[in-house]
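> This is the structure I have questions about; it appears just below.
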Amino acid sequence: MKITAIRVRHIDESLWGYLAEREKTLPLVTPLDVYVQFKETRGSWFWDSGTALVEIETDAGVTGRGWCEDGCRAIGPIVDNHLSRLLIDQDPSETEGLWDRMFRASTPYGRQGLAMMAISAIDIALWDLRGRATGKPVYELLGGPVRNTIPVYASALHPVGDREVRDEARTYVEAGYTTMKARFPFGPGDGVAGMAANEAHIRSIRETIGDDIDLAADCYMGWDLQYAVRMCQRLEPYRMAWVEEPFLPDDLRSYARLRRETSIPISGGEHEFSRFGFQQIIDAEAMDILQPDLRRCGGFTEGLKIAALASTAGLPVIPHAYGATHLHFVAATPNAPLAEYFPLPCWATPAGPSHRHMFLDEPVPVGGNVAVSNEPGLGVRLNPEC
Ligand SMILES: [Mg+2]
């Protein structure tokens with residue numbers, strides 16, 4: 001079998017569905033809070049939603065599909081003007097060699113960021129193609145399953161008002177989730193009053209869900225070391241499962257120092273790329289939980305290596321964000337115990353008519369667990385309206 005064509009299509013919808021647009025309007029801490037004009041909402045500086053769909057065609061008539069974010073519409077040019085020439089006429093089952101060639105060839109302008117996201121989408125498409133060609137689900141090709149259903153955590157709990165947050169947390173308990181994650185509203189620019197509000201948000205949720213449910217919270221890179229140390233001191237009584245991404249991804253010294261100051265597990269990695277990036281996190285003893293996103297860090301081929309590195313350091317891997325890619329990965333990875341899911345909060349109106357779900361057949365959790373598709377490849381169909 002040989003690759004005959006690679007097509008990249010920009011789709012306006014976000015991989016995170018309605019969540020990406022909603023978070024642009026909510027009061028959440030972000031790394032741009034240090035600038036007054038960007039403080040109010042993420043929408044004041046965030047890029048447009050969008051997904052790059054990569055379709056790889058073969059002379060056997062089998063097509064594989066992969067994807068990554070494409071807010072800057074830069075994935076198409078990277079694939080069309082460079083990476084595709086390394087793939088045409090090659091055997092699509094040679095995932096190791098093709099990945100390595102793309103990585104080496106794009107190194108002068110790549111290694112991280114957009115080039116690695118393009119490689120990720122291609123790699124995901126190659127694994128989907130391999131599954132479709134052999135009639136097997138991707139998790140089986142990856143060596144799984146190590147688990148038949150995937151535990152997912154409810155990832156939402158935005159700071160939208162105390163009553164709403166308590167109601168929302170209660171719905172997740174009732175739905176059977178045993179882990180949930182909130183978002184912090186405030187950072188260093190908001191002083192002690194902001195610290196108190198961050199703590200009150202967590203306290204409301206902990207009071208609502210009781211002691212038998214894990215609670216994590218996300219800082220989206222919006223804190224600094226001194227603030228994080230003081231904030232974690234205030235959060236110690238709430239038995240946090242983890243505090244996520246307190247700092248910019250390159251600030252590994254702050255991550256490592258915070259870990260020494262608190263008993264709360266510190267997580268991160270959704271903005272890290274390749275096994276080399278994750279090895280630096282591990283070497284610095286900077287995190288307790290690694291959260292790679294396979295649509296960014298290098299696809300399945302690199303994700304397996306990152307999980308192997310994590311296993312030698314005793315670290316769990318909990319991939320960032322929901323999607324078929326991560327369900328197959330968790331199904332096949334012993335040290336990946338959990339996946340993230342974005343439920344529709346009870347206070348939120350359902351997605352408007354303009355929103356289209358990109359994928360048909362994307363599995364939905366029942367009782368906090370998701371059954372992975374047994375269909376060939378990734379097992380999701382693209383919405384023809386997208
Ligand atoms: Mg996060």
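> Across segment 58-78, what is the total count of residues that are of a type outside the set (Asp, Glu) and within 16 Å of ILE11 (Cα to Cα)?
The number of residues fulfilling the criteria is 11.
> Does ARG65 satisfy being at positive phi and either open to solvent by 60 Å² or more (accessible area, probe 1.4 Å) or basic (Lys, Arg) (or both)?
Here the answer is no, as ARG65 does not meet what is asked.
> Sort through GLY131, GLY144 and tell me the only one that's out of contact with any Asp or Glu (no Cβ under 9 Å at 6 or more places or on another chain) and open to solvent by less than 50 Å² (accessible area, probe 1.4 Å).
GLY144
> Quick check on my filter: what residues within segment 245-271 are within 12 Å of the ligand (Cβ to nearest atom), under 25 Å from PRO334 (Cβ atoms) and in contact with a Phe, Trp or Tyr (Cβ under 8 Å, 6 or more places away or on another chain)?
Within segment 245-271, GLU245, SER267, GLY268, GLY269 qualify.
> Next question. Give, as residue ranges, the helices (runs of 4 or more DSSP H) completely inside segment 256-375 that count at least 2 residues that are surrounded by fewer than 16 Cβ atoms within 10 Å (Cβ to Cβ).
Filter on segment 256-375 gives 274-283, 299-312.
> Evaluate the following for PHE247: is it within 17 Å of the chain's Cα centre (by Cα) and buried (at least 16 other Cβ atoms within 10 Å of the Cβ)?
yes
> Return the residues of segment 159-191 that are over 25 Å from ARG42 (Cα atoms), open to solvent by less than 50 Å² (accessible area, probe 1.4 Å) and touching a helix residue (DSSP H, G or I) at 6+ places or on another chain (Cβ under 8 Å); say none if nothing qualifies.
TYR172
> Next question, about the same structure. Quick one: is ALA216 in the same structural domain as TYR153 (by TED's automatic domain parsing), open to solvent by 10 Å² or more (accessible area, probe 1.4 Å) and small (Gly, Ala, Ser)?
No.
> Tell me which residues, restricted to segment 219-228, are open to solvent by less than 30 Å² (accessible area, probe 1.4 Å) and either in the same structural domain as ALA20 (by TED's automatic domain parsing) or away from the ligand (no atom under 16 Å from the Cβ) (or both).
LEU225, TYR227
> Right, another one. Across segment 28-41, what is the number of residues that are in contact (Cβ under 8 Å) with a residue 40 or more places away in the chain, of a type outside the set (S, T, N, Q) and buried (at least 16 other Cβ atoms within 10 Å of the Cβ)?
Number of matching residues: 5.
The values are calculated or read from the model by the stated rules, or taken from the named source; none is laboratory data. Predicted model only: the values in this text are computed from it and were never measured. Backbone-built Cβ (ideal geometry, glycine too); neighbour counts: all protein chains shown. Areas reflect the complete protein model, heavy atoms only, side chains present, ligands, DNA and RNA absent. Shrake-Rupley method; radii C 1.70, N 1.55, O 1.52, S 1.80 Å.
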